[in-house]
Amino acid sequence: MKEQKEVTLDRDLGLWSALALVIGTIIGAGVFVRQSAVLDDAGSTSMALFAWLAGGILTITAGLTIAEIASQMPETGGLYVYMERIYGKLWGFLSGWMQIIIYGPAMIASLGAYLAILLSDFFGFPSKYNAILAIGTIVLVGILNLFSNRYGATFAIITTICKLVPVAALIIFGLFFGNESAFGQSLVHVHQSAGNFGVAILATLFAFDGWILVANLGGEIKNPRKLLPQAITFGILAVLAIYLLVSYGVYRSVPAEQIHRLGTSAIPYIANQAFGEVGGKILSIGIIISIVGCMNGKIMTFPRIMYAMAKRGQLPFSKTLSYLHPKSHTPIFSTVAELLIVTVMIIFSNADRLSELCIFTVYCFYVMAFVGVFLLRKRNPDQHRVFSTPLFPITPILAIGGSLFVIVSEIMSDLPGVLTSFIFVAVGIPVFYYETKKYRESQAAAAKEESLDNEN
């Protein structure tokens, strides 16, 4: 164990790597598969575009608010560390527990499931092999992340560049060759049941999800107090611009009613119509790479939360999960454990449904973190801040208000699902107290043994 104590995470990630991780982790399947869902909830293309804008503004205010906290706590663990420092160990544990047991694995599993569908369509595989394809691709990306973080970061940069190809193609075709009006189209058949703008914003947040995950790598970023806020801020702004242009291009390319009927197949349909069968295939490859890149970012970051919690002795098998490989300096057992949870979800559960429940729970913790900015300023009024939230206190107030609006909308829309998500979080409470007690007892026993050795 002496050798293990000397092993630490390497600070190898610069601004471009961190920026690529933010953009690459956010842009995955969401912008390609959520167009119909956002449109259905908003009821018209105008309101759908406004929902994308509102979701982006909410994400930017959230990112700018969290960036101030990140600049003060540039450590591996992200939201888990912030919640612990601001509200105490129990709340920190629950935020981490939610991310490593349900939220993170569900997000990775849903990406794998959608990727398997695209691969099956692309290569003509029978759908019965989708689960094997999903698990296989996730394992391959996971193996990449068992090596030095430089490999995962390099892969993130490559996939981020590649995923911009389908994004650019959709934008250019919609802007210059689309024949529909991107504003004013209403969904006649579902208009009466649509119009839940809060739920429409929530649907966009699936696509914006992942912006905070780079904070989990705070202990591996060069000069994190400066670069971490920059990566979060500029990354979210870039993604917002891309999403608005993609959505505008989609609504210009296909009538709203047809987007509603096509559902998640809307983007592949546009690709084939715009660029022919070969062009559609090329665009599909770009989307596949986009999802793989997003998956890589999540597999790279979520095990870091598990590692940070294990270092504090808060999880079962903490000694194993807190192990860093002496050469690659990566938390290999935490990565493997996360992949095992993902595999179980793919086999036994509906990962998409779990993702919907968990995004709500994440925003409950986000709201607490946003309030934490006020608490930190009150506790440390004279502390020098490398990064301060612009337009304070307006920005964090907008982040809090927007998040509460979405949370209330989801409660009114799906109360049983909300209660289910709270149950998942509540299960972590007895785990926390049991593991904390066991860790304290082991520490006390170790201290007593050391004292006896010194006496002898």
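The values are calculated or read from the model by the stated rules, or taken from the named source; none is laboratory data. Computed from a predicted structure; not experimentally measured. To get the accessible areas, we keep the full protein, side chains included, count just its heavy atoms, and leave off ligands, DNA and RNA. Shrake-Rupley method; radii C 1.70, N 1.55, O 1.52, S 1.80 Å.
Here are a few things to note about the model shown:
- The stretch between Leu415 and Phe234 holds 61.6 nm of extra length on full extension. This uses 0.36 nm per residue minus the Cα-Cα distance.
- Accessible surface of the chain [probe 1.4 Å, protein heavy atoms]: carbon and sulfur percent: 65 percent
- The helix-based estimate of mean residue ellipticity at 222 nm for the chain, built from -39,500 (n - 2.57) per DSSP H run of four or more residues and divided by its residue count, is -25500 deg cm²/dmol to the nearest 500.
- Taking all protein chains as shown and a probe of 1.4 angstrom, Glu410 keeps an accessible surface of around 20 Å².
- Largest to smallest accessible area among Trp97, Trp91, Trp16, Trp52 [probe 1.4 Å]: Trp16, Trp91, Trp97, Trp52
- Per residue, the chain exposes 42 Å² of accessible surface when a 1.4 Å probe is rolled over the protein heavy atoms with every protein chain present.
- Probe 1.4 Å - accessible area at His260, Å² to nearest ten: 50 Å²
- Only protein heavy atoms count here; under a 1.4 Å probe, Met98 has an accessible surface of about 10 Å².
- In straight-distance terms, cross-link reach from Lys222 covers every one of the lysines whose alpha-carbon lies under 21 Å from its own, apart from those fewer than eight places away in the same chain; here that gives Lys298, Lys327.
- All lysines inside 21 Å of Lys437 as judged from Cα atoms, apart from same-chain residues fewer than 8 positions distant: Lys89, Lys311, Lys319, Lys448
- Among Val139, Val33, Val239, Val278, the sequence by solvent-accessible area, most first, with a 1.4 Å probe is Val278, Val139, Val33, Val239.
- Pairwise centroid distance, computed over Cα atoms, of segment 41-105 with segment 250-305, Å: 25 Å
- Length released on extending from Gln383 to Phe177, taking residue separation times 0.36 nm less the Cα-Cα span: 68.8 nm
- Anisotropy class of segment 265-403 from Cα gyration tensor, a/c 1.5 cut: oblate
- Shape box of the chain [Cα atoms, principal axes, largest first, Å]: 86, 49, 41
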